[in-house]
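Q: I'd like to ask you about the structure that follows.
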Amino acid sequence: MSDHYEVLGVPREASQDEIKRAYRKLARQLHPDVNPSDEASERFKSVTHAYDVLSDPQSRADYDRGPQQAGFGLGDIFEQFFGGAGRQQGPRPRRRPGQDSLLRIELDLHDVVFGVHRDLRVQTAVLCETCDGRCTAPGTREETCDICKGSGHVQRQVRSLLGNMVTSQPCGSCQGHGTVIPIPCPTCAGHGRVRAERTIPVDVPAGVDTGLRIQLPGQGEVGEAGGEPGTLFLEVHVKHHDVFSRDGDDLLGTLEVSMIDAALGAEATIESIDGPVTVSIEAGAQSADVLTVVGRGVGRLRGSGRGDLKLGVQVATPTKLDRKAQDLLEQLRDRTKPPAPRMAQFQQGLFSKLRDRFLRF
């Protein structure tokens with residue numbers, strides 16, 4: 001294999017600035033965009049690799065010493081005895097699993113009741129289509145590292161009070177991979193993945209609630225060098241609804257009833273989450289009574305069917321009466337002789353509980 005200094009045309013004692021200037025000069029002459037010949041392409045790969053090795057002080061020192069000879073200090077001895085025992089040797093895979101992602105999704109109460117399909121637009125790491133995760137420019141491939149000879153590690157030897165010691169550490173030239181990329185993919189810069197926006201179809205089931213996380217395996221970020229994608233977690237947030245609140249699988253609401261309808265009974269058509277529904281108010285209805293409409297609540301997350309719609313009755317007392325209406329109410333009071341107002345044992349009725357839940361939702 002050619003000597004890296006000879007490839008760049010610099011002496012072994014050249015400074016880092018001299019090495020950089022030599023590389024830039026050769027790169028301008030040999031880059032495939034400038035010189036498309038096969039010979040220039042091969043020379044460009046050699047020049048790039050030589051610069052990658054010599055531009056890093058540590059890998060340059062390893063190269064100058066060779067793969068088997070290097071000095072190291074007391075810290076390396078302790079690493080050999082206490083930190084290096086049992087460490088797996090061999091090249092480190094370039095391909096790594098992708099990270100998990102977390103995304104917040106906002107839903108309306110209607111979405112929670114029935115479930116909903118969403119097409120989510122997310123910015124994430126996706127597989128590079130130019131190199132298909134291989135990290136190399138089209139028509140090129142990885143090459144064996146000439147420092148570690150493909151092992152991913154270099155050995156270092158030192159004399160100590162304990163005798164001659166040999167330890168191993170990741171190769172600085174190839175970063176422990178055992179191979180180098182002479183010409184990285186121009187699209188992903190040698191990572192095998194790029195940032196891009198993509199659409200993820202999601203079917204959100206009925207019955208989810210704020211704080212619940214929906215798990216989508218394989219929809220997270222693609223890993224380095226085209227590694228398996230991670231998991232996408234969707235954290236649910238349900239927006240406030242002006243009319244209904246929720247208690248488990250049931251929907252809660254307040255039904256305001258006039259004093260006359262409460263006394264005589266009536267039927268009322270209300271607008272529920274899934275359309276008009278008729279409810280019957282029995283004669284003598286009181287505030288905090290609960291009217292239940294079966295099967296008009298939230299779809300069950302685990303199981304079939306839906307919860308119920310529960311309406312807490314609130315009897316509304318008229319505040320603006322003409323003289324004739326007042327006379328009629330006075331006649332009613334004289335006729336029915338209701339008991340005088342009095343103190344009663346305190347109870348928190350169901351309507352109050354429903355109202356409190358509604359206010360906190």
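The values are calculated or read from the model by the stated rules, or taken from the named source; none is laboratory data. Keep in mind that what you see is a predicted model, and the values were worked out from it rather than measured. Every residue, glycine as well, gets a Cβ built from its backbone with ideal geometry; the counts of neighbours run over all protein chains shown. Ligands, DNA and RNA are excluded from the accessible area calculation, which covers all protein heavy atoms including side chains. Shrake-Rupley method; radii C 1.70, N 1.55, O 1.52, S 1.80 Å.
Q: Once you list every other residue whose beta carbon is under 11 Å from the beta carbon of Arg121, what net charge do they have if Lys and Arg are +1 and Asp and Glu are -1?
A: With Lys, Arg at +1 and Asp, Glu at -1, the net is 0.
Q: If you don't mind, there's one more thing I want to ask. Taking the chain as a whole, which cysteines find no other cysteine Cβ under 4.7 angstrom from their Cβ?
A: Flagged as lacking a Cys partner: Cys135.
Q: Please calculate how many Å² of accessible area the chain carries per residue, with a 1.4 Å probe and no DNA, RNA or ligand atoms counted.
A: 60
Q: From the gyration tensor of the Cα coordinates in the chain, what semi-axes in whole Å does the equivalent ellipsoid have, largest first, with each one equal to sqrt(5λ)?
A: 80, 24, 16
Q: Now for a separate question. Provide the FRET efficiency to the nearest 0.05 for the Ala263-Thr210 pair, computing r from the beta carbons and using R0 = 41 Å.
A: 0.55
Q: For the range 4-65, state the average projected area of the convex hull of the C-alpha atoms over all orientations, rounded to one decimal in nm².
A: 3.8
Q: Percent of accessible area on the range 4-65 owned by carbon and sulfur, 1.4 Å probe?
A: Its accessible area is 46 percent carbon and sulfur atoms.
Q: Leaving ligands, DNA and RNA out of it, rank Glu271, Glu142, Glu42 by accessible area with a 1.4 Å probe, largest first.
A: Glu271, Glu42, Glu142
Q: I would also like to ask the following. For the pair Thr199 and Thr292, how long in nm is the line joining their label points, each one 7 Å along Cα→Cβ?
A: 4.4
Q: So, one more: Between Lys320 and Ser280, what FRET efficiency follows from the Cβ-Cβ distance if R0 is 41 Å, with the result rounded to 0.05?
A: 0.90
Q: Assuming a viscosity of 1.306 mPa s and a temperature of 10 °C, what translational diffusion coefficient in µm² per second does Stokes-Einstein assign to the range 126-253, Rh being the Kirkwood radius over Cα pairs?
A: Answer, rounded: 82 µm²/s.
Q: Looking at the chain as a GNM with Cα springs under 10 Å, which of Ala266, Ala189, Ala137 has the largest mean-square fluctuation?
A: With Cα springs under 10 Å in the chain, the top fluctuation among Ala266, Ala189, Ala137 is at Ala266.
Q: For the chain, what does the relative contact order come out to in percent, with C-alpha contacts under 8 Å and a separation of six or more?
A: After rounding, I find 16 percent.
Q: Roughly to the nearest percent, how much of the accessible area of the range 244-359 is carbon and sulfur, given a 1.4 Å probe?
A: On the way: 3930 of 7890 Å².
Heavy-atom surface of the range 244-359 belonging to carbon and sulfur, 1.4 Å probe: 50 percent.
Q: At a probe size of 1.4 Å, how large is the accessible area of Asp56, to the nearest 10 Å²?
A: 60
Q: Continuing with the same structure: Mind checking the range 264-307 for trypsin sites (Lys or Arg not before Pro) that DSSP puts in a loop (not H, G, I, E or B) and that have at most 11 other Cβ atoms within 10 Å?
A: Details: sites: Arg296, Arg300, Arg302, Arg306; in loops: Arg296, Arg300, Arg302.
Within the range 264-307, the qualifying trypsin sites (Lys or Arg not before Pro) (loop, at most 11 other Cβ atoms within 10 Å) are Arg302.
Q: Also, quick follow-up: Per the Kirkwood definition applied to all pairs of different Cα atoms, how many angstroms is the hydrodynamic radius of the range 244-359?
A: Every distinct Cα pair counted, the radius reaches 16.2 Å.
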